[in-house]
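Presented below is the structure to which this report refers.
The values are calculated or read from the model by the stated rules, or taken from the named source; none is laboratory data. Just so it is clear, the structure is predicted and the values come from calculations on it, not from any experiment. Positions of Cβ are backbone-derived with ideal geometry, glycine not excepted, and every protein chain shown enters the neighbour counts.
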Amino acid sequence: MASVDLDDLGKSAKRCRRRIVDMVYKAQSGHPGGSLSCIDILVTLYRGVMRFDPGNPDWDDRDRFIMSKGHASPAVYSILRDLDVLSDSDLDGFRSMGSVCQGHVDRKWTKGVDFSAGSLGMGLSFGLGSALAARLDRSDRHTWVLLGDGEIQEGQVWEAAMATTHLEVSNITAIVDKNRIQNDNFVDEQMRVGDISAKFASFGWNVIEVDGHDLAEVLGALEQSRGHDGATAIVAATVKGKGVSFMEDNPAFHGAAPNSDQYATAMEELA
């Protein structure tokens, strides 16, 4: 942790939040709430822990990052821009035909993206395959999978969780962005997921609970998970729309763009 400057991480997260709001506003489409809730995690992962070379994003022995909640693509694009993997013009094309920044992350279109998303619930299974491939390659690369708490209503997530420990895979970390809101409403209103930590623990996973906006906590959990002898699930308590007052804890901004007045307010708050 001594080599990672938390102040620099915070500055990066603020830049990324501005980019998220800007992308969604210009496209008048996208998913700002869940992107803002997970960006502190992504910034800490990419800048603090993950083995990733921005100058060579296709490096064979890089860690793999799986954005299972792929609609939160603005978060991925914003950190890739912060690392100069993408450009401002790439982000300006968000959700337009032919752009490298599609609405859901897609590895065919975007440098630095390892997983093509769409239907939810598949990322942990894909991540398990990635981790097993590393074992077959005798590589110490790690696989990181970011899931939404609404997404884990999908049964395939728990099949993957069970298979991971059965196969004794240790080079994988699942991170749950527990922002308590999904597409239509609060998660508890749609389908209660109960004690997420206890569920992962019951399948034999090591579990760490953190405040997903406390950079020091997130960094410590990520570092600990990489060194743990076994699969780790990090359950991160977050706020949907974090950093923009009218988006915070507001289900309306799961998949809605701000109008011009709201955009001005958001950018002022994120200045």
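Look through T165, T173 and report the one residue that is within 15 Å of the chain's Cα centre (by Cα) and hydroxyl-bearing (S, T, Y).
T173
Quick test of your reading of the structure: M50 fulfils all but one of (1) surrounded by fewer than 22 Cβ atoms within 10 Å (Cβ to Cβ); (2) touching a Leu at 6+ places or on another chain (Cβ under 9 Å); (3) farther than 17 Å from I39 by Cα. Name the failing condition by number.
Only one criterion in (1) surrounded by fewer than 22 Cβ atoms within 10 Å (Cβ to Cβ); (2) touching a Leu at 6+ places or on another chain (Cβ under 9 Å); (3) farther than 17 Å from I39 by Cα is unmet by M50, namely (3).
Residues are listed down the side, and each one gets a yes or a no for (1) of a type outside the set (A, V, I, L, M, F, W, C); (2) more than 29 Å from D7 (Cβ to Cβ):
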residue	(1), (2)
Q153	yes, yes
I181	no, yes
N206	yes, yes
V210	no, no
E223	yes, no
G227	yes, no
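If A133 meets every condition in (1) under 20 Å from D60 (Cα atoms); (2) surrounded by 17 or more Cβ atoms within 10 Å (Cβ to Cβ); (3) over 17 Å from the mean Cα position of the chain (by Cα) apart from one, which number is that one?
Evaluating A133 over (1) under 20 Å from D60 (Cα atoms); (2) surrounded by 17 or more Cβ atoms within 10 Å (Cβ to Cβ); (3) over 17 Å from the mean Cα position of the chain (by Cα) leaves (2) as the failure.
Just need a number here: residues in segment 6-30 that are touching a helix residue (DSSP H, G or I) at 6+ places or on another chain (Cβ under 9 Å) and either outside any helix (DSSP H, G or I) or basic (K, R) (or both).
6
For segment 131-157, which residues satisfy the criterion of being farther than 25 Å from C38 by Cβ, among the basic types (K, R) and touching a residue at least 12 places away in the same chain (Cβ under 8 Å)?
Of everything in segment 131-157, just one residue is farther than 25 Å from C38 by Cβ, among the basic types (K, R) and touching a residue at least 12 places away in the same chain (Cβ under 8 Å), namely R135.
Out of S225, S202, S170, which single residue is modelled with pLDDT of 95 or more, surrounded by fewer than 18 Cβ atoms within 10 Å (Cβ to Cβ) and of a type in the set (S, T, N, Q)?
S202
Taking segment 98-107 as the search range and keeping residues that are more than 17 Å from R62 (Cβ to Cβ) and at pLDDT 95 or above, which one is farthest from the chain's Cα centre (by Cα)?
The selected residue is S99.
List the number of the failed condition for D114; all other conditions in (1) of a type outside the set (V, I, T); (2) within 22 Å of S78 (Cα to Cα); (3) part of a helix (DSSP H, G or I) hold.
(3)
Tally the residues that are closer than 20 Å to G103 by Cβ and surrounded by 16 or more Cβ atoms within 10 Å (Cβ to Cβ), restricting the search to segment 245-254.
The qualifying residues number 4.
For segment 31-89, what are the residues that are among the aromatic types (F, W, Y) and either on the phi > 0 side of the Ramachandran plot or not in a strand (DSSP E or B) (or both)?
Listed by number, the residues that qualify are Y46, F52, W59, Y77.
Can you give me the ranges of the strands (runs of 3 or more DSSP E) entirely in segment 158-271 with at least 3 residues that are in contact (Cβ under 8 Å) with a residue 40 or more places away in the chain?
Passing ranges, in order: 172-178, 232-237.
Could you identify the single residue in A160, A231 that is closer than 20 Å to M67 by Cβ and in contact with a strand residue (DSSP E or B) (Cβ under 7 Å, 6 or more places away or on another chain)?
Unique residue meeting the criteria: A231.
What about D214, is it out of contact with any Phe, Trp or Tyr (no Cβ under 9 Å at 6 or more places or on another chain), among the charged types (D, E, K, R), modelled with pLDDT under 95 and closer than 30 Å to D5 by Cα?
no
One line per residue, one yes/no per condition, for (1) aromatic (F, W, Y); (2) under 24 Å from I234 (Cβ atoms); (3) buried (at least 21 other Cβ atoms within 10 Å of the Cβ):
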position: P54; (1), (2), (3): no, yes, no
position: A75; (1), (2), (3): no, yes, yes
position: D90; (1), (2), (3): no, no, no
position: G98; (1), (2), (3): no, no, no
position: L124; (1), (2), (3): no, yes, yes
position: H142; (1), (2), (3): no, yes, yes
